[in-house]
Amino acid sequence: MWSFAQRRGFTVITPLGAHRFEEPWACCEVCKPMVVKRQLHMLLQRAQRRLVHEELLNGPELRYQRAFLKKVFKTAFEAGLKPPVPLNDSKQEETADGE
Ligand SMILES: [Zn+2]
């Protein structure tokens, strides 16, 4: 796992209210280069596939979730991230989505 600290945090406004993000962006080995290169759509695809695979969300919820995540990732990139540091305390390594 890797951790990208926020440069200044950011706020995302949705119909349900304002969400403030200041915590570091944690991701797996596979997602790390996508975060560095700001590959928004690849990151969204991976997040969505995981939600579908784990049967956490259905169609309309997925569409809402995708729009929300897109806003969060985009705003995080715009606000700025510090270089990644390894998170050694976690043994949980995400696989390449089993594909
Ligand atoms: Zn990942």
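Worth pointing out:
- Output for region 1-38, where each listed residue is out of contact with any helix residue (DSSP H, G or I) (no Cβ under 8 Å at 6 or more places or on another chain) and part of a loop (DSSP other than H, G, I, E, B): 1, 5, 15, 16, 22, 23, 24, 28, 29, 37
- Restricting region 60-93 to residues that are part of a helix (DSSP H, G or I) and among the basic types (Lys, Arg) leaves a set whose member that is modelled with the lowest pLDDT is 63.
- Condition met for residue 53 (of a type outside the set (Ser, Thr, Tyr), surrounded by fewer than 16 Cβ atoms within 10 Å (Cβ to Cβ) and out of contact with any Lys or Arg (no Cβ under 9 Å at 6 or more places or on another chain)): yes
- Among the residues of this structure, residue 65 does not count as one that is within 17 Å of residue 84 (Cβ to Cβ) and of a type in the set (S, T, N, Q).
- Qualifying residue in region 38-47 (condition: modelled with pLDDT of 90 or more, loosely packed, with under 13 Cβ neighbours inside 10 Å and under 23 Å from residue 80 (Cβ atoms)): yes
- Taking region 18-37 as the range and being basic (Lys, Arg) and free of Cβ contacts under 8 Å to residues at least 40 places away in the same chain as the test, the residues that pass are 20, 37.
The values are calculated or read from the model by the stated rules, or taken from the named source; none is laboratory data. Just so you know, these numbers come straight off a predicted model, no measurement behind them. No Cβ is skipped: glycine too gets one built from the backbone with ideal geometry, and neighbour counts run over all protein chains shown.
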